[in-house]
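To keep things clear, I will list the structure first and then write my remarks on it.
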Amino acid sequence: LMNNHTNRIVWSDTIVLPSEDDFEGRVGAVLGDDLRLRLLGASKDFLEGRDPDRLTPEQLFIMATWIPSQVTVNSREWEEERIALMELALEKKPDLGKPHSVMADKLAQMANFYPESDTSEVHDAVLNHIRRATELDPFNPDVMFNIAQAHWHAGRIGQSHLAMRRVLDLDPGHNLARFLSEVIPYTCTAPNPEVIENAIAFDASLSPDNPIRWITLTWVSWLQAMTGDFSAALEKKQEAALIFETPYTFMGYAMMLNQVGKVDQAAEMLRLQRLNWPDISPDHFANVTMPRLCREAVVDPRILRDYQDLAVAMRGRL
């Protein structure tokens, strides 16, 4: 892309495809996904620092959408600020589906991170936000994507998978939804080698600075850990951590470090993460979060035991 006023290049990319089949369509899909993320990030940067009370509900939705940037912080405070932005958006326009979908995603996620957020009232609110978002904006792929994520946090793997497939019905070019629809069924079940190979190939097809790579790398690592290949999983997790982290990712990272005998390193990493996520608890992950995520799966007991081992190893160290 060039600035016509200055004739300077403002964005460029190199695309490598394994074959020439449907060349134009596949190039268009890659460019479309990448540019959409860049434009969303640019919009967030443009709005950053403005008084939220003066923003429209649609602008507030943009501000609550996750994109890695200098102002996107891996912290409880940042996530709670996104929830507050969506509450403001719903005050301004109660009948808007997008804020409801974000609220469902964020509240379900926080219930997995903190015991005080894991209440029947919060879970009822998540279901209500899903219902309202679906009623108000059933043909919006962004809304359906957030709904799919909310179901995933709540351990409703089947409904999450269906909602992600619905995203693809609405937007066949939504490649992240395509990727997630392939890996969601293996949230707590060891995949066959082909699933991992396809996930690695998709990640490799993205430009090195594509913002969604923290998601693809994290899922590749997650899948590899399900098979017990902690060496490969740690390598991918380390790459993902250089882009962005959440409690899901750093707790998984600590679990892997513990499994390969690097207990002190796992404890140090979690102590540092507590600066941004105060009182985050390996016990809550082991006894609530992971069993919830896995409740619909045929689970290898080892998968849950790995997190229980971490919780035991971290007692007295954090």
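Structure notes:
- Translational diffusion coefficient (Stokes-Einstein; Kirkwood radius from C-alpha pairs) of region 37-116 at 20 °C, 1.002 mPa s, in µm²/s: 165 µm²/s
- Exposed GluC sites (Glu not before Pro) absent: longest stretch of the chain, with sites in DSSP loops and at most 13 other Cβ within 10 Å deemed exposed: 49-318
- Couplings 3J(HN,Hα) for region 224-235, derived from phi with the Karplus relation 6.51 cos²θ - 1.76 cosθ + 1.60 (θ = phi - 60°), are 5, 5, 4, 8, x, 8, 6, 5, 5, 5, 4, 4 Hz, where x marks Gly and Pro.
- With a Förster radius of 45 Å applied to the beta-carbon distance between Asp169 and Asp264, the computed FRET efficiency rounds to 0.40.
- Anisotropy class of region 253-298 from Cα gyration tensor, a/c 1.5 cut: oblate
- Added length on full extension, which subtracts the Cα-Cα distance from 0.36 nm per residue, Leu47 to Ala232: 62.7 nm
- Using bins of 10 Å that start at zero, the share of Cα-Cα pairs per bin across the chain amounts to 6, 25, 35, 25, 9, 1, 0, in whole %.
- Modelled spin labels at Leu31 and Asp209, positioned 7 Å past Cα toward Cβ, are 1.9 nm from each other.
- Shape category assigned to region 209-252 from the gyration tensor of Cα positions, a/c cut at 1.5: prolate
- Taking only the Cα atoms of region 121-166, the ratio Rg/Rh comes out at 0.95, with Rh defined as the Kirkwood radius.
- Label-to-label distance for Glu20 and Arg317 is 5.5 nm, based on points extended 7 Å past Cα in the beta-carbon direction.
- Förster radius 25 Å - calculated FRET efficiency between Leu162 and His123 (Cβ-Cβ, nearest 0.05): 0.80
- Calculated FRET value between Met2 and Glu77, using beta carbons and R₀ = 41 Å, to 0.05: 0.55
- Subset of Lys98/Lys236; Lys44/Lys262; Lys236/Lys262; Lys44/Lys98 violating a 27 Å alpha-carbon distance limit: Lys98/Lys236; Lys44/Lys262
- Cα centroid of region 256-295 to Cα centroid of region 168-183, whole Å: 30 Å
- Tensor-based shape of region 240-318 (alpha-carbon gyration tensor, a/c under 1.5 rounded, otherwise prolate or oblate): prolate
- Loop chymotrypsin sites (Phe, Trp or Tyr not before Pro), region 176-237, which have at most 13 other Cβ atoms in a 10 Å radius of their Cβ (DSSP): none
Every number in this text was worked out from the coordinates using simple rules, so none of it is lab data. Here the structure is a predicted model, which is why all the values come from computation and not from measurement. As a convention, Cβ positions derive from the backbone with ideal geometry for all residues, glycine included, and neighbour counts pool all protein chains shown.
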